[in-house]
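**Student:** My questions will all concern the structure given below.
The values are calculated or read from the model by the stated rules, or taken from the named source; none is laboratory data. Quantities reported herein were computed from a predicted structural model and do not represent experimental measurements. Cβ coordinates were reconstructed from backbone atoms using ideal geometry, including for glycine residues, and neighbour counts include every protein chain displayed.
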Amino acid sequence: MTRMEALEIGKPDLKRKHSFTYFSRTPNEDPMTHETPNPEDDHDYWPPYVFPVPPAVDEFNPTDASDVASITAQTPASAPESEEDHRATASADPIVAPATATKVKPARRAYGRSTTTAPIGKPLSMSHPADLDMFPAFMSRSALFGAFRPNCGGTHEGALKAAGEVSIAFTGPRLSMADKRVWEAIVRVAKRERHDLAQPFKARLAEIAEMAGYGRGQSRSAWAAIERLARSNLDATVYGAKAKGWLLMSATPSGRDATVRLDPGLVEPAFAETMLASMAGAVGDGIQAPLAQWLRDYFSTHKPLAKPLTLDYLRTLSGFPSQPKHFVAALEASMEQLRAGRPDLIASWSIDKGEGDVNKSANWTLLAVRGSAKPDVKHPAKRCAPSAPAIAPQAKRRGGPNL
């Protein structure tokens with residue numbers, strides 16, 4: 001009988017002192033002595049191959065497939081023979097081979113709310129998706145995005161100055177005009193790609209940076225702005241319309257992209273129930289000073305004003321962080337920059353100090369002569385109050401009162 005025939009019929013190989021068969025209880029068990037030899041001893045009967053036998057699956061205590069694979073590959077012991085042994089083996093931590101310590105680059109933080117993804121159904125679309133440059137006007141008429149450099153305003157919790165019948169409560173890091181451009185760029189991408197507002201979507205950081213005016217190679221600056229937007233919560237009441245939520249519901253970096261999600265509770269009413277104004281041409285017109293950028297957006301949402309604006313009103317409305325004496329010099333430089341770069345918006349300007357105390361700049365007024373450009377706005381549909389049901393007049397009875 002040949003060696004192969006002996007193995008096929010399950011008999012021990014007579015040419016070797018000891019051997020194993022396919023009918024042994026465990027792969028390592030000797031068929032003659034029914035003992036499991038020690039692999040560290042130098043025995044000539046130690047089998048050259050070990051056939052791994054997966055442990056029995058316990059439906060009441062299932063184990064992870066990766067744990068079973070790691071235990072089987074790294075431990076040459078036999079499989080547990082009882083249910084208790086199997087549970088003890090499955091619950092034990094997998095043995096991990098020592099590896100050479102390597103430096104791991106720390107991952108950038110992800111920001112988001114602990115919310116569940118909306119069920120797949122009818123997608124939530126943004127109002128006026130074709131108008132890529134239309135944005136809520138109250139954001140350009142308030143101190144929500146202040147006239148200062150990025151990441152220089154600290155944190156804020158409470159009310160912010162706003163024009164008209166608008167109230168804003170804000171919590172988070174103070175946002176700058178650069179953060180405003182990044183938020184508008186993300187909204188433009190969502191409109192252009194017709195993304196579902198209830199679902200996260202990917203945006204290229206290089207494209208966001210270029211659309212926001214940072215230029216190429218400024219992906220880090222764009223991501224820093226996205227981080228601030230993801231920590232910013234807004235509660236606004238705009239002429240009776242309520243808009244409450246996060247400027248970004250979530251933000252996660254992924255290589256050169258960022259997976260972001262807008263907050264439908266804020267975006268839907270802000271774009272559907274408030275006045276929208278066009279921010280076309282806001283990037284690339286050469287206006288660099290933060291106060292000049294804020295004034296450009298402010299005048300772009302207004303018709304020529306009937307009365308001049310006081311400097312104290314403009315300083316608080318723009319969120320200018322410095323003292324009033326520094327605001328005058330910044331305002332003069334910004335208005336001159338607007339006159340030179342956007343003559344269609346500002347033709348000329350002057351500051352009237354009045355006849356009173358010329359040292360109190362808070363009472364001075366700004367006189368701005370507008371150019372040929374007119375604001376491009378869209379008003380929301382009028383919300384009609386539900387009419388009361390008509391009550392049928394009661395019939396009169398002869399000779400008695402109405403019942």
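**Student:** Kindly list the number of the only condition in (1) within 20 Å of W294 (Cβ to Cβ); (2) assigned to a helix (DSSP H, G or I); (3) not hydrophobic (A, V, I, L, M, F, W, C) that fails for G213.
**Tutor:** (2)
**Student:** Would you mind finding the one in A243, A277, A258 that is touching a helix residue (DSSP H, G or I) at 6+ places or on another chain (Cβ under 6 Å), under 19 Å from L124 (Cα atoms) and modelled with pLDDT of 95 or more?
**Tutor:** A243
Residue-by-condition table, conditions (1) part of a loop (DSSP other than H, G, I, E, B); (2) out of contact with any strand residue (DSSP E or B) (no Cβ under 6 Å at 6 or more places or on another chain); (3) farther than 12 Å from L317 by Cα:
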site	(1), (2), (3)
D131	yes, yes, yes
F135	no, yes, yes
G153	yes, no, yes
A169	no, no, yes
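**Student:** Another question about this same structure. Quick one: how many residues across region 324-367 are small (G, A, S) and either assigned to a helix (DSSP H, G or I) or touching a residue at least 24 places away in the same chain (Cβ under 8 Å) (or both)?
**Tutor:** 9
**Student:** While we're on this one: Does any residue in region 197-222 that is under 22 Å from F271 (Cβ atoms) come within less than 9 Å, Cβ to Cβ, of a residue that is of a type in the set (S, T, Y) and buried (at least 17 other Cβ atoms within 10 Å of the Cβ) six or more places away or on a different chain, and which pairs are these?
**Tutor:** Partner pairs satisfying both residue conditions: P200/S250; P200/T252; I208/Y214; I208/S219; A212/S221.
**Student:** Taking into account only those residues within region 199-240 that are modelled with pLDDT of 95 or more and aromatic (F, W, Y), which is farthest from N151 (Cα to Cα)?
**Tutor:** Y239
**Student:** Identify the single condition in (1) surrounded by fewer than 16 Cβ atoms within 10 Å (Cβ to Cβ); (2) within 23 Å of R228 (Cβ to Cβ) that V267 does not satisfy, given that it satisfies every other one.
**Tutor:** (1)
**Student:** Working only within region 289-314, note down all residues that are assigned to a helix (DSSP H, G or I) and among the hydrophobic types (A, V, I, L, M, F, W, C).
**Tutor:** L291, A292, W294, L295, F299, L311, L314
**Student:** Modelled with pLDDT under 95 and of a type outside the set (K, R): which single residue out of A333, A306 fits that description?
**Tutor:** Only one candidate passes the filter, namely A306.
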